[in-house]
1. Can you name every residue in segment 1-32 that is modelled with pLDDT under 90, loosely packed, with under 10 Cβ neighbours inside 10 Å and small (G, A, S)?
2. Within segment 64-122, track down each residue that is open to solvent by less than 80 Å² (accessible area, probe 1.4 Å), at pLDDT 85 or above, touching a Gly at 6+ places or on another chain (Cβ under 7 Å) and not small (G, A, S).
Amino acid sequence: MVVGNGAVPFLDEFASRYPETILFLTDPSRAAYRAMALQRGLGGLRAAGMLSSSVRAYRAGHRQAKLQGDPWQLGGVFVLATDGEITYAQRSKTAGDHADLDAVIEGLKSAVMPEGSRNPTA
């Protein structure tokens, strides 16, 4: 599942670029972002890492399209088990601060394990 913060009319256009197996939701009020304690504001844009992330993305062929959400809202990646336990959490500190995919996969493995056998350090 992917949760964005753009206006509802933009959701279909964005989701059409991805496989139908991904559930896309939007939260223009950003209540989910606040609930997950995700950072918002200029702090994420002032960080030195943001510039290098921008250059890396540009060199890889990615271009900023039309802005369709809150440009100051930073994201994150969370893996939740069916019982609601968070088995992995990453909160972006800057724009372009991405989750470590190996850690996400470990969080996914933990999420599907029986409740009593989960890794408490995940």
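1. S16
2. The answer is L74, V79, T87, Y88, Q90.
The values are calculated or read from the model by the stated rules, or taken from the named source; none is laboratory data. Everything quoted here is computed from the prediction, not taken from an experiment. Cβ: placed from backbone, ideal geometry, glycine included. Neighbour counts: every protein chain shown. Just so you know, the surface numbers come from the protein's heavy atoms only, side chains and all, with ligands and any DNA or RNA stripped out. Shrake-Rupley method; radii C 1.70, N 1.55, O 1.52, S 1.80 Å.
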